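Have a look at the structure below before the remarks.
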Amino acid sequence: MPARMRDLFPDPNDAPDTLEGVLERFTFVNEENGWSVVRMLVEGERDLVTAVGNLVGVRIGETIRLKGAWVEDRRYGRQFKVAAFTPVLPSTPAGIEKYLGSGVIAGVGPKTAEKIVAAFGAATLDVLTDEPEKLRGIRGLGKKAKAIAAEWKAQRAVHEVMTFLHSLGLGTALAVRVWKKYGPRTTEVVKGDPYRLAAEVVGIGFLTADRMAVNLGIPPSAPERAEAGAMHVLRESQSEGHCYLPREELADRTRELLGPEGAPAEDAIGRIAERGLAIVEQDGVYTAELHAAEVAAARSLRDLLDAPPVDVPIDADRALAWFEGRAHIQLAEGQRQAILSGIRNKATVITGGPGTGKTTLVRGLSDIFRAKGLRLALCSPTGRASRRLESAAGAKAKTIHRTLEWNPKTGQPQRNRVHPLEADVVIVDEASMLDIVLFALLLDAIPPAARLILVGDADQLPSVGPGSVLRDVIASKALEVVRLTHIFRQEARSLIVTNAHAVLHGEMPQPLGDDFAFVEKENPEEALAAIVELASRELPRRLGLSPADVQVLVPMHKGTLGAIALNAALQDRLNQKGPKAVPQRNLRIGDKVMQVKNDYELDVFNGDLGLVTAVDAEDGIVTVTFDGRPCAYDADNLDTLELAYACTIHKSQGSEYPAAVIALHTQHFPMLQRNLLYTAITRGKRFVAIVGSKRALRTAVANDRERGRYTRLAGRMG
């Protein structure tokens, strides 16, 4: 179980406290995930006790045994936070009658309970479970007998499954997810192949499934364990940006994961290929999904290039002159070439760094196409980037997911080859952020006659997801590529722009200017203190900003100057007195947070920044507001939020901040690369400060060796 989930939902075997009592009433219950607030009658307690947690399937009148911990909530007082629970069934006739008469079974009240217990006595619950047909012999039950038996069976199924999953070491929150996925088939599925959960249930990875398998008695040498391990390694490599792994590297990584007792990794690779889970191609191994995406992207782009454009004649030279007159500007040669290419070609790539005029040419292309009556679809991978695109183009822009009309219920876009976009021109900004899956889905939805224009900075970090789409498209030479290199005079006065380009060319940045500073701090603790001071007080005061407008950027999560430590220090400085929303996750009302995984139901995506604005401990709901839009989180999806006073540079892609403070130290050595520093500097709009060691700065500037990604998109398009 990931550390974040373990913090929020402690393993029941680790829970230090137990509580047993009769459930008297529900204060709140979330039917979607079982999160409940209940009041319990506990022996030795004068007043009813409040318990809070995932309590799927429990009913009023039941005796339940809880594992968890006592906490003191600032608003609601003493509560028992539930990690796991077990129903405790009564054994005496009097206890059974009270239990059944409490309404635990729909349609059974005190009088009906009395009749049933009178017939079967202490054996009543055994009869309900094993011989429910005997209920028909009780006078007066009639047709109700069948309904009572069905309701009892359904309840027992939930209880038995939850107890079974708890016995395998699974906490209640993850057990709820498993139940929601498989329902009454849960026990059968888990016993048959616990490793299946790693691929099909969010929050359960290979290591969690492996622990469950051990508890089920599955030996380490089991072939299915090796197959699951190989698939786990393939999926993990996607988080490194790879579309595939060389077969030998996959085998080596799998052997390391499985340990000496594991089944042969090579055999496992062969079996997952035979089952269609993986595709072996030219000694590279893909997951079936990524292979399909890469092949589809290449095919769709070739088809788009081969199809004739929409039949609307445009005199490119006249269109250029019209836009220059309309905008009262004279375009640079690179900008002219970019607009001409966008007009004349079915597909074009426009790439360039900060200050090279990408915004102007996006406006120019948009104005020209609209003037000719062509329908535009303007989109970008993130919400923030799409809003900047909308401002630049003077026309409505959306995220790519919204453009594709993503359906959260099916997990698929509604726009596709059969139901394409209603667009004659598709302009994609921040194209360096495109991963191979999103690119394939977008291309599938573009009408054959439409033009495609990809705009982005190929020198930035590649996408967080798998693939290196923009660079691969450029390398394929299948599209015309226009590189913008001229820095405009007004932009050249900015040290942010000047230093970004200096770093890109392997030169040290100038240390001080009106919008840029390098603060040398060799000692990590001193660097941390300086970053906190700059982000929380100095830059907001100097620039007239809110601290929320200052983003701290770091190369990695861990360490004294990692995102975790800096978030803790900044939260302590900026929001120490904020009411605790979720103590186990250290979230407080007023905290700046980031979504770290796409959530199609909430319409919130990886990298979106929000603010914790409310918490309702009664129903376990935390409200996070994204750009004025409130979103409700519960125990099921809180692990998709992280504190965001500081974030990794990778997570900042596609975003711009009024001010950015960059931590750069030798302790970040594995990540010190030129394109990482370049990307970080280009995130700042009004001011950028680098805090750290000069040696680390030199290392990053000098290191132009990028971590390669295993992709074959360029070759497929050639």
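Matching residues to (1) closer than 30 Å to Ala209 by Cβ; (2) touching a residue at least 40 places away in the same chain (Cβ under 8 Å):
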position: Leu245; (1), (2): yes, yes
position: Glu249; (1), (2): yes, no
position: Arg253; (1), (2): yes, no
position: Ile272; (1), (2): yes, yes
position: Glu289; (1), (2): yes, yes
position: Ser300; (1), (2): no, yes
position: Ala307; (1), (2): no, yes
position: Ala316; (1), (2): no, no
position: Ala321; (1), (2): no, no
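A search for C-beta distances below 7 Å between a residue of segment 39-67 that is under 12 Å from Leu19 (Cα atoms) and any residue that is among the aromatic types (Phe, Trp, Tyr) and open to solvent by 10 Å² or more (accessible area, probe 1.4 Å), counting only pairs 6+ apart in sequence or on different chains, returns Thr50/Tyr76. Looking only at residues in segment 344-377 that are among the β-branched types (Val, Ile, Thr) and crowded, with 22+ Cβ neighbours inside 10 Å, the one that is farthest from the chain's Cα centre (by Cα) is Ile368.
Filtering segment 323-333 down to residues that are of a type in the set (A, V, I, L, M, F, W, C) and farther than 20 Å from Gly352 by Cα, which residue is most open to solvent (accessible area, probe 1.4 Å)? The qualifying residue most open to solvent (accessible area, probe 1.4 Å) is Ala327. When the residues of segment 195-215 are filtered to those that are among the β-branched types (Val, Ile, Thr) and assigned to a helix (DSSP H, G or I), the one that is surrounded by the fewest Cβ atoms within 10 Å (Cβ to Cβ) is Val214.
Within segment 479-497, is there a residue that is crowded, with 22+ Cβ neighbours inside 10 Å, out of contact with any strand residue (DSSP E or B) (no Cβ under 6 Å at 6 or more places or on another chain) and not polar (S, T, N, Q)? Yes.
Can you pull out every residue in segment 135-147 that is surrounded by fewer than 16 Cβ atoms within 10 Å (Cβ to Cβ) and touching a helix residue (DSSP H, G or I) at 6+ places or on another chain (Cβ under 6 Å)? Result: Arg136, single match.
For Val428, are the conditions met, namely being at pLDDT 95 or above and either farther than 30 Å from Asp311 by Cβ or open to solvent by less than 40 Å² (accessible area, probe 1.4 Å) (or both)? Yes, satisfied.
Against the numbered list (1) touching a Gly at 6+ places or on another chain (Cβ under 8 Å); (2) farther than 12 Å from Leu553 by Cβ; (3) part of a loop (DSSP other than H, G, I, E, B), Gly708 comes up short only at (1).
Do you know which of the residues in segment 71-84 that are small (Gly, Ala, Ser) and in contact (Cβ under 8 Å) with a residue 60 or more places away in the chain is surrounded by the most Cβ atoms within 10 Å (Cβ to Cβ)?
Here the answer is Ala84.
One residue stands out among those in segment 536-578 that are open to solvent by 30 Å² or more (accessible area, probe 1.4 Å) and among the small types (Gly, Ala, Ser): the one that is nearest to Ala660 (Cα to Cα), which is Ala548. Note on segment 221-248: residues that are more than 25 Å from the chain's Cα centre (by Cα) and within 19 Å of Ala288 (Cβ to Cβ) amount to 5. The set of residues in segment 274-291 being touching a strand residue (DSSP E or B) at 6+ places or on another chain (Cβ under 8 Å) and not in a strand (DSSP E or B) consists of Leu277, Asp283, Ala288, His291.
Restricting the first member to segment 107-136 and to residues that are without any contact (Cβ under 8 Å) to a residue 60 or more places away in the chain, and the second to residues that are buried (at least 18 other Cβ atoms within 10 Å of the Cβ) and not in a helix (DSSP H, G or I), the beta-carbon pairs closer than 6 Å and six or more apart or on different chains are Leu135/Leu141.
Remark: Lys694 matches the filter, which requires a residue to be open to solvent by 10 Å² or more (accessible area, probe 1.4 Å) and within 20 Å of Ala527 (Cα to Cα). Name every residue in segment 505-535 that is part of a loop (DSSP other than H, G, I, E, B) and open to solvent by 40 Å² or more (accessible area, probe 1.4 Å), in order of residue number. Of everything in segment 505-535, those that are part of a loop (DSSP other than H, G, I, E, B) and open to solvent by 40 Å² or more (accessible area, probe 1.4 Å) turn out to be His505, Glu507, Met508, Gln510, Pro511, Asp514, Lys521, Glu522, Asn523.
Could you grab me the full set of residues in segment 46-70 that are closer than 15 Å to Val158 by Cα and either open to solvent by 10 Å² or more (accessible area, probe 1.4 Å) or among the aliphatic types (A, V, I, L, M) (or both)? Within segment 46-70, Leu55, Val56, Gly57, Val58, Arg59, Ile64 meet the criteria.
Pairs linking a residue in segment 652-681 that is of a type in the set (D, E, K, R) to a residue that is assigned to a helix (DSSP H, G or I) and surrounded by 24 or more Cβ atoms within 10 Å (Cβ to Cβ), with Cβ atoms under 6 Å and 6 or more positions apart or on different chains, do not occur.
Filtered by the rule that a residue be of a type in the set (Gly, Ala, Ser) and open to solvent by 20 Å² or more (accessible area, probe 1.4 Å), segment 234-252 gives a lone residue, Ser239.
Checking each residue of segment 458-468 against the condition of being out of contact with any Asp or Glu (no Cβ under 6 Å at 6 or more places or on another chain), hydroxyl-bearing (Ser, Thr, Tyr) and surrounded by 22 or more Cβ atoms within 10 Å (Cβ to Cβ) gives at least one match. On the stretch given as segment 546-568, residues that are assigned to a helix (DSSP H, G or I) and not charged (D, E, K, R) total 8. Residue by residue through segment 165-194, note down the ones that are open to solvent by 10 Å² or more (accessible area, probe 1.4 Å) and under 24 Å from the mean Cα position of the chain (by Cα). Within segment 165-194, Arg177, Trp179, Lys180, Lys181, Tyr182 meet the criteria. The listed residues are Arg255, Arg336, Arg271, and the only one of them that is open to solvent by 80 Å² or more (accessible area, probe 1.4 Å), assigned to a helix (DSSP H, G or I) and either of a type outside the set (Phe, Trp, Tyr) or more than 26 Å from Ile474 (Cβ to Cβ) (or both) turns out to be Arg255.
The values are calculated or read from the model by the stated rules, or taken from the named source; none is laboratory data. Note that this is a predicted model, so its numbers are computed, not measured. Please note: Cβ atoms are built from the backbone with ideal geometry, for glycine as well, and neighbour counts cover all protein chains shown. Ligands, DNA and RNA are excluded from the accessible area calculation, which covers all protein heavy atoms including side chains. Shrake-Rupley method; radii C 1.70, N 1.55, O 1.52, S 1.80 Å.
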